[in-house]
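Comments concern the structure below.
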Amino acid sequence: MAEKNQTMNREQSARFSRPYARAAFDYAMEHQALDQWSRMLRTVAAYIQDGQMIQLFANPQYTREALGDLVLALAKDALDPACKNFIQLLTCNGRLSLLPEIYLLFEQLRAAIQATRQVQIKSVVPLTDAHLSQLQATLSKRFGQPVILETEIDPHLLGGFVIYSGDHVIDNSVRGRFKKLKIALTQ
């Protein structure tokens, strides 16, 4: 039953997110700013996926406007005026919590036109822009095509990160290293 509700929630989330992702994508295409919008949406999505922000979104004490103002304050220097307006539109329409899904759909649209590869990185803490840039360059070289990174915080990891792309899994987590060490010691 819970799994069915999660599936319905994902479908509903995608249905509500799709028009916003398309609008952001069309705007970014028109203004030749796909990379810039990708970075801005990724930044805001990371803030919204933070555990403390998730608690704030669940707390009825905080209004939409207060949450929107908080997100804009956190990302102040990372956003251009058009993206700030986009965030305010999402806030006014009660859709700010959908921004991580909007970002994923935006990246899917971007990948479709740029012949890129989607790569998901799960880490216990948010990765810095420097780490993401280094990973993007390394993975682009490894896969032989540009990659689009999608990040997710996974509190179950002890440390490090795990990379998923299609059938490829690169486990650079502490747990993964322990498994490799255990195998090496038992041989």
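The values are calculated or read from the model by the stated rules, or taken from the named source; none is laboratory data. Keep in mind the model is a prediction, meaning the values are calculated, not measured. Note: ideal-geometry Cβ built from the backbone for every residue, glycine included; neighbour counts use all protein chains shown.
Go through the residues of segment 158-167 one by one and say whether even a single one is touching a Lys or Arg at 6+ places or on another chain (Cβ under 6 Å), closer than 15 Å to THR43 by Cα and not in a loop (DSSP other than H, G, I, E, B). No. GLY166 fulfils the conditions (1) modelled with pLDDT of 90 or more; (2) at positive phi except for a single criterion, (1). Among the conditions (1) without any contact (Cβ under 8 Å) to a residue 12 or more places away in the chain; (2) more than 14 Å from the chain's Cα centre (by Cα), the only one that ALA115 does not satisfy is (1).
For every residue, the table says whether it meets (1) more than 23 Å from ALA33 (Cα to Cα); (2) of a type in the set (Ser, Thr, Tyr); (3) touching a helix residue (DSSP H, G or I) at 6+ places or on another chain (Cβ under 7 Å).
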position	(1), (2), (3)
LEU105	no, no, yes
ALA115	no, no, no
VAL124	yes, no, no
LEU149	no, no, yes
PHE178	yes, no, no
GLN187	yes, no, no
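Here GLU152 clears all of (1) exposed (fewer than 15 other Cβ atoms within 10 Å of the Cβ); (2) part of a strand (DSSP E or B) except the condition numbered (1). Could you go through segment 31-51 and let me know if any residue there is polar (S, T, N, Q) and touching a Leu at 6+ places or on another chain (Cβ under 8 Å). Scanning segment 31-51 turns up at least one residue that is polar (S, T, N, Q) and touching a Leu at 6+ places or on another chain (Cβ under 8 Å).
Among the residues making up segment 45-101, those that are under 27 Å from HIS31 (Cα atoms) and outside any helix (DSSP H, G or I) are ALA75, LEU79, ASP80, ASN93, GLY94, ARG95.
Which of (1) modelled with pLDDT under 90; (2) loosely packed, with under 15 Cβ neighbours inside 10 Å; (3) over 24 Å from LYS76 (Cβ atoms) does SER13 not meet, given it meets every other one? Just one mismatch for SER13, condition (2). Among residues of segment 111-134 being part of a helix (DSSP H, G or I) and either surrounded by 20 or more Cβ atoms within 10 Å (Cβ to Cβ) or polar (S, T, N, Q) (or both), the one that is modelled with the lowest pLDDT is GLN114. Inside segment 16-45, residues that are modelled with pLDDT under 90 and of a type in the set (D, E, K, R) make up a count of 1.
Whether a residue is surrounded by fewer than 18 Cβ atoms within 10 Å (Cβ to Cβ), more than 30 Å from ARG175 (Cα to Cα) and not assigned by TED's automatic domain parsing to the domain that holds SER140 was assessed, and GLN55 does not pass this test.
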